Amino acid sequence: MSATIDMPAEIRSLAAMTVEQLQQRYVDLFGERSRTPHRQYLFRKIAWHLQARISGGLSEETRQVALGIAREAELRTRIAQNASRRRGGIPLDRTVTTSIAQTHDARLPMPGALLMKEFKGRTIVVKVLDEGFEYEDQRFSSLSAIAREISGTKWNGFNFFGLNKEASIVQR
């Protein structure tokens, strides 16, 4: 797989494939049959893999952070202990609590992801950037601007791309 691959075209190609074609592509990429014939799963898994090949996937630092979180048994133990303390009537100020703050709009996938939309017989592919979006090699500050460019009319970008609830189409 070359670094000069046209990823939006590749994604459009995947989107047009049948389940059988996606299963064969999965075998070609992973060397084994998929455990599921679910079309959306196959599409997302293949698209993620192709994007990871091109961009290098997760950085080693990110992989290590994820592994550290997964291995953090102490955190799981504290959560279980706090739950039992709360059930036992121990006041909240005597338990450990925390929350995780979102750093981006929860309706958007993480930067690097691709959003897809079928519109008037065309497959629209938009890349989510750290700041803004990319569509047909142009940068846009909002999804609404892209929707206006595509449709010629004013749209709420989240509505146009079906992102009213937390969602992601293709994650990198």
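If you scan the stretch 27-53, which residues turn out to be in contact with a helix residue (DSSP H, G or I) (Cβ under 8 Å, 6 or more places away or on another chain), closer than 27 Å to Gly121 by Cβ and surrounded by 16 or more Cβ atoms within 10 Å (Cβ to Cβ)?
The answer is Leu42, Phe43, Lys45, Ile46, Ala47, Leu50, Gln51.
Within the stretch 104-119, which residues are surrounded by 12 or more Cβ atoms within 10 Å (Cβ to Cβ) and more than 13 Å from the chain's Cα centre (by Cα)?
Lys117, Phe119
Being touching a helix residue (DSSP H, G or I) at 6+ places or on another chain (Cβ under 9 Å) and more than 17 Å from Lys127 (Cβ to Cβ) is the filter; apply it to the stretch 1-17 and report the residue that is surrounded by the fewest Cβ atoms within 10 Å (Cβ to Cβ).
Ser2
I'd like the residue in the stretch 29-79 that is β-branched (Val, Ile, Thr), in a helix (DSSP H, G or I) and at pLDDT 70 or above and, out of all such residues, is farthest from the chain's Cα centre (by Cα).
Among residues in the stretch 29-79 that are β-branched (Val, Ile, Thr), in a helix (DSSP H, G or I) and at pLDDT 70 or above, the one farthest from the chain's Cα centre (by Cα) is Val65.
Given the criteria surrounded by fewer than 14 Cβ atoms within 10 Å (Cβ to Cβ), modelled with pLDDT of 90 or more and assigned to a loop (DSSP other than H, G, I, E, B), does Glu20 qualify?
no
Quick one: Arg122 ticks every box in (1) surrounded by 10 or more Cβ atoms within 10 Å (Cβ to Cβ); (2) within 21 Å of the chain's Cα centre (by Cα); (3) at pLDDT 85 or above bar one, so which box is it?
(2)
The values are calculated or read from the model by the stated rules, or taken from the named source; none is laboratory data. Keep in mind the model is a prediction, meaning the values are calculated, not measured. In this analysis, Cβ positions are derived from the backbone assuming ideal geometry, glycine residues included, and neighbour counts consider all displayed protein chains.
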